[in-house]
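Only one structure is covered here, and it is reproduced in the block below.
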Amino acid sequence: MSSAPSPMELALALAEDAAAQGEAPVGAVIVEGQTVLAAERNRMRALADPTAHAEMLAIRTALAARGTGRLDGCDLYVTLEPCAMCAGAIAHTRLRRIYFAAEDIKAGAVENGIRLFDQPTCHHRPEVIGGLSAGRAEAMLTAFFRSLRD
Ligand SMILES: [Zn+2]
């Protein structure tokens, strides 16, 4: 047994860190085999950039680490179902597999909304595994958005 946290554990810890900084709690980790290429969290507020989703930042970091312009053979772990922008970036960079935790009924684009990977115009469809640690990710999101309303 390895003592290293699983990629989803790492993503959840990053999401927790995002919430502590006033960002919506989403974390994303990209691995190639056992190697973590990128571990990022939402930074929309900090960077004043609405495209600074955890997945986008992780994709850019992983691309820089690899230098091939592609992430084929790499897997993404993210605590929330990717939105349309991130799903597009996932398809363009040819990530192999996506593991996500909580479903996003309002803004998700994988199993909700436009279901980007199921569209005939989408030329790369990663393998998708949803629901990993979903309860913990949902609880974190619920607590965060409740705190905004209080
Ligand atoms: Zn996104």
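For the stretch 7-19, indicate whether the set of residues that are within 12 Å of the ligand (Cβ to nearest atom) and touching a Phe, Trp or Tyr at 6+ places or on another chain (Cβ under 8 Å) is non-empty. No, the conditions are met nowhere in the stretch 7-19. Among residues of the stretch 95-108 that are over 19 Å from Leu12 (Cβ atoms), those with a Cβ under 7 angstrom from a residue that is within 12 Å of the ligand (Cβ to nearest atom) and not small (Gly, Ala, Ser), sequence gap 6+ or separate chain, pair up as Leu95/Leu76; Ala107/Cys83.
Among the residues of the stretch 25-34, are any within 12 Å of the ligand (Cβ to nearest atom) and surrounded by fewer than 19 Cβ atoms within 10 Å (Cβ to Cβ)? Within the stretch 25-34 (the criterion being within 12 Å of the ligand (Cβ to nearest atom) and surrounded by fewer than 19 Cβ atoms within 10 Å (Cβ to Cβ)), the answer is no, since none of the residues qualifies. Cβ separations smaller than 7 Å between residues 6+ apart or across chains give the following pairs from the stretch 11-24 residues that are on the phi > 0 side of the Ramachandran plot to residues that are open to solvent by 30 Å² or more (accessible area, probe 1.4 Å) and charged (D, E, K, R): Gly22/Arg45.
The values are calculated or read from the model by the stated rules, or taken from the named source; none is laboratory data. Quick caveat: nothing in here was measured; it's all calculated off a predicted structure. A quick note on method: Cβ atoms are made from the backbone with ideal geometry, for glycine too, and the neighbour counts reach across all protein chains shown. Quick note on the areas: whole protein, heavy atoms, side chains included, nothing else; ligands and nucleic acids left out. Shrake-Rupley method; radii C 1.70, N 1.55, O 1.52, S 1.80 Å.
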